[in-house]
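Report on one structure; see the data block that follows.
Bear in mind that the values in this text are calculations on the coordinates, not laboratory data. For clarity, every value in this text was computed on a predicted model and none was experimentally measured. For neighbour counting, all protein chains shown are included, and Cβ atoms are generated from backbone atoms with ideal geometry for every residue, glycine included.
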Amino acid sequence: MTNDKYPTIKLKYSLYKTGAWIVVLILVLIALGFDASGHPVETGPHSITPTGASIAFVFIAGCLIFAYYQLLQKMKRNPALVISKEGVVFPRFTSQLIPWTLVKDIGLRSVGKRNGQVVELLLRDDLPAELRSEVARKQWLNFRKDCIVVTVVPWGFSGMSEARIVEAFQSYYREFAS
């Protein structure tokens, strides 16, 4: 048995983490369903009429159906993220391997109240045309528009903690990007 310092890491989407907000939508939908019975709901200085509650019910139901569809699409991607010595495979952006040599830098952003880390792989300008076009089609998923970026949100995966995923990106990049 070899003690490999840089094993291939294969992660899948966490059903619990990505599906928890669907439960919230279901609860809101149930609450709106009960309130659409004909009695206005008092919400401070405003009230929701039965028509407004019905419209909200239909809107939330549509969001719930869309969220369920998106969750099923995510669950089909297995593994959802692969970090290896050769590079990164992140099917949300591209099914191709993104070699470490094509990563210009790794950026970290803190988001949310609990300061979760978002990993941004800033890609070099000399990407192969096929890889560039695949990643550029998903450019709308990024907050940065100054370069081609692959954004990884570590808290959506199971199998490793957020901190370990961020640490893995940083250590693999330092070791294999040269």
Study note, to complete from the structure: Between ALA61 and ASP4, Cβ-based FRET efficiency (R0 45 Å, step 0.05) works out to 0.40
Point to revise | Highest average packing first - 170-178, 85-93, Cβ atoms within 10 Å | key: 85-93, 170-178
Check your understanding: Hey, which of these cross-link pairs are over 19 Å Cα-Cα: LYS10/LYS85; LYS12/LYS104; LYS5/LYS85; LYS10/LYS76?
Key -> LYS12/LYS104
